[in-house]
Amino acid sequence: MDRLRIEGGHALRGAVAIAGAKNAALPQIAASLLSPHSLTLQNLPEVADVANMLALMAQHGATITRDAGSATIDAAAASPADTGYDTVRRMRATVLVLAPLLARFGQARVSLPGGCAIGARPVDMHVAALTALGADIVIEGGFIHARASGGLRGNRLVLPSPSVGATETAMMAATAARGETEILNAAREPEVVDLAACLAAMGARIEGAGTHRILISGGTVWRAATHRLIPDRIEAGTYAIAAAITGGQIELSGARLEHMAAVVQALEAAGVRVWPGDRGLIVAGGGPLRATDITTEPYPGFPTDLQAQFMALMTQAEGAAMIRETIFESRFMHVPELSRLGANIRLQGTTAVVRGATRLKGAPVMATDLRASVCLVLAGLAAEGETVLNRLYHLDRGYEQLDVKLRRCGARIERIGP
């Protein structure tokens, strides 16, 4: 199994091209099953999660044509074959095929999903949304069995929390339902807005994406479509923190400030400079870092997917920072690994207290989930000596050529064999 070897202490300088958003790609790939016409997705990131989702489409009978940075999915011959555990165990987003299969074929049998070990992330809200639209669903034997023999019917859905996945499930199902669907307390993330834009290109009629109230007129007449994914705001935030933690300067080519307001606010509060450039955003460290408290929240709040990376940054800030996690109950699994590098972090329930300006020293560490893995890369860039990161498959799920992009900015980092 590959590992990353990192020699810390080198300021990063250069430019990084931000890839398309992984978390936008996955539901849009799943949405291709709704239509008998082709869907071309551009700006697709070359990451394992995208490859796995495309493989899942092929298992359902879709034809996949790949080109540089894009894929055309033709689901004309698709079928509601079982979505087995071997595929879905790799990532939780595979549950997103449930709604389009059910909407198009009137039935679906999808294995309960796997993914990162960062919390329960139950499928209850997905099931409740589909049930409200007229589906009969039973969970047994590790599978979700869904049926809508009479077709789905539009309804008024009130989500108990603004879940991104549940919002996306409800949107996809509602496009094929009879009548109008109203989704209240909907997630507002840019990835949800991008899914709505993709569905609209395919023929759907959707209003209100990006607000807490989304209206969808069902009975979509599908058509062939092409859609370009938004840039990955989590990747952009990760490289912004890489610049800050090494005292360097990086241009984030393609990054959108409007998707990163809470992150930029936290970085600036910590003493990091951020300003718009000709091609995206420019982030510069180099000055003293200040301890800054954050609380993870649904968009437009601080994203949970950048909590671990920000914690790594706070190990180098003067003072004590409080980091509160409100989204996933098990998302502090990176703390023991950061402590191996010398970080001073104390856990108090859902809050981590980070006492900063510590001298990190390189050591062997192990990734426990996707974002924890890149948090340890960032800490290794700031640490004295050599850090070796094990279990890279987590990292490869969501970051396109991370080591290559960092090396182009002056990092001493290499991928090594077992």
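Key figures
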read-out	value
Most mobile of Glu325, Glu400, Glu140 in a GNM of the chain (Cα contacts under 10 Å)	Glu140
Cβ-based exposure ranking for Thr131, Thr181, in which fewest neighbours within 10 Å come first	Thr131, Thr181
HN-Hα J in Hz across segment 200-214 - Karplus 6.51, -1.76, 1.60, θ = phi - 60°, x for Gly and Pro	5, 5, 7, x, 6, 10, 10, 10, x, 4, x, 10, 7, 10, 10
Placed amide H near Thr326: partners under 5 Å, 5+ positions off or other chain	Thr296
Exposure proxy ranking, count of Cβ atoms within 10 Å, fewest first, for Met322, Met57, Met171	Met322, Met57, Met171
Nonlocal amide H pairs with Ala19, under 5 Å, H built at 1.01 Å	Asp232
FRET efficiency estimate (nearest 0.05) - Cβ-Cβ, Arg228 to Ala55, R0 22 angstrom	0.45
J(HN,Hα) series, segment 175-182, from Karplus relation 6.51 cos²θ - 1.76 cosθ + 1.60, nearest Hz, glycine and proline x	5, 9, 7, 7, x, 9, 10, 10
Cβ-placed point charges (K, R +1; D, E -1), dipole of segment 22-228 about Cα centre in debye, nearest 20	200 debye
With 5 Å bins from 0: P(r) over segment 183-312, alpha-carbon pairs, percent	2, 10, 18, 18, 16, 12, 10, 7, 4, 2, 1, 0
For segment 197-253 versus segment 389-418, the gap between their alpha-carbon centres in whole angstrom	25 Å
Karplus (6.51, -1.76, 1.60) ³J(HN,Hα), θ = phi - 60°, over segment 230-242, in Hz, Gly and Pro reported as x	5, x, 7, 5, 6, 4, 4, x, 5, 6, 4, 5, 4
Rounded to the nearest 20 debye, dipole of the chain from Cβ charges on Lys, Arg, Asp, Glu	220 debye
The chain, relative contact order in percent, only Cα pairs under 8 angstrom and at least six apart counted	21 percent
Cα-based radius of gyration of the chain once divided by 2.2 N^0.38 Å, which approximates compact folds	0.98
Extreme residue, positive dipole direction of the chain, given options Leu101, Ser161, Leu389 (C-beta unit charges)	Leu389
Segment 22-228: relative contact order in percent, alpha carbon pairs under 8 Å with at least 6 residues between	20 percent
Efficiency of FRET from Cβ geometry, Ser339 and Ala76, R₀ 56 Å, rounded to 0.05	0.60
19 Å reach of a label modelled at Asn185, 7 Å along Cα-to-Cβ, counting backbone N of segment 129-171	129-134, 155-171
5 angstrom amide H check on Arg205, placed H, neighbours 5+ away	Ser217
Cα shape, segment 22-228, gyration tensor, a/c 1.5 rule	rounded
GNM top mover of Ala244, Ala224, Ala174 - the chain, alpha-carbon springs below 10 Å	Ala224
Beta bridges by DSSP in the chain, antiparallel share as percent, to the nearest 5	70 percent
Most mobile of Ala186, Ala173, Ala17 in a GNM of the chain (Cα contacts under 10 Å)	Ala17
Per-pair calculated FRET efficiency, R0 = 41 Å: Leu257 and Arg205 via Cβ, rounded to 0.05	0.85
Contour minus Cα-Cα distance for Glu297 and Arg391 (0.36 nm per residue)	31.0 nm
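Values in this text are rule-based calculations from the coordinates and carry no lab data. This structure is a prediction, so every number in the text was calculated from the model and none was measured. For neighbour counting, all protein chains shown are included, and Cβ atoms are generated from backbone atoms with ideal geometry for every residue, glycine included.
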